[in-house]
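**Student:** Questions regarding the structure given below will be posed in turn.
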Amino acid sequence: ERLRTLEAMYERLCKSLEGWLVSRARGTVELRLQSVEQFSFGEFTLSLANPCATYIVDIAHSGGAQACVDVGQEFAFFLIDRLFGGTGSASSPQRALSPVERLAVRTVAEKVAQLLEEVWADHVPMTLAVTGYESSPEILQIANREDPVLVANIEVVAGSGSSPLLICLPFVVLEKFFQVSGQR
């Protein structure tokens with residue numbers, strides 16, 4: 001039952017984000033929820049591309065807990081191309097985003113944070129703020145390597161390619177949800 005609830009929440013997030021992205025990217029963007037799973041933070045970082053396009057999200061009133069949103073290199077460069085007037089068919093170079101590119105793509109991470117607040121509001125109210133960026137998975141430190149995290153894996157189909165969009169929330173801020181629904 002918890003898994004169905006989580007999947008419904010993230011499906012809602014996908015649909016809202018998809019509509020928002022289509023208007024921004026002026027083209028077809030499709031989002032498909034692949035999975036919502038528990039991993040250790042270390043396992044999550046191993047799944048990231050190198051370089052990655054990961055935005056760090058502070059969770060207010062959580063004792064310093066942080067989440068992250070990995071936009072995916074291919075999707076990040078597709079967005080940059082579209083936002084700066086391109087056709088969206090440019091290839092994605094194997095390099096980290098420049099400071100200007102990071103700012104352009106950050107709007108997506110901020111929208112994801114806002115939608116996360118909305119879909120979790122009935123279960124675990126959170127106030128989220130994008131506060132940083134990391135392009136190196138091994139340097140990313142929002143939790144201890146062995147800490148459990150909830151990872152939503154969303155496939156983004158845009159332009160001629162597809163790319164993962166990963167949303168990672170630490171279990172420490174979601175405990176209430178899992179305890180309450182575990183007692184039902």
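The values are calculated or read from the model by the stated rules, or taken from the named source; none is laboratory data. Source: prediction; values computed, not measured. For neighbour counting, all protein chains shown are included, and Cβ atoms are generated from backbone atoms with ideal geometry for every residue, glycine included. Heads up: the accessible areas ignore ligands, DNA and RNA and are worked out on the full protein's heavy atoms, side chains in. Shrake-Rupley method; radii C 1.70, N 1.55, O 1.52, S 1.80 Å.
**Student:** Checking the conditions here, which among 156, 172 is within 21 Å of residue 44 (Cα to Cα), among the β-branched types (Val, Ile, Thr) and modelled with pLDDT under 95? First the steps, then the outcome.
**Tutor:** On the way: 156 fails: modelled with pLDDT under 95.
After applying the criteria, what remains is 172.
**Student:** Within segment 105-151, can you find the residues that are open to solvent by 20 Å² or more (accessible area, probe 1.4 Å), assigned to a helix (DSSP H, G or I), over 26 Å from residue 3 (Cβ atoms) and not basic (Lys, Arg)?
**Tutor:** Hits for segment 105-151 are 107, 110.
**Student:** Does residue 143 fit the bill of being touching a residue at least 12 places away in the same chain (Cβ under 8 Å) and either among the hydroxyl-bearing types (Ser, Thr, Tyr) or closer than 24 Å to residue 20 by Cα (or both)?
**Tutor:** Numbers: touching a residue at least 12 places away in the same chain (Cβ under 8 Å): yes; either among the hydroxyl-bearing types (Ser, Thr, Tyr) or closer than 24 Å to residue 20 by Cα (or both): no.
No.
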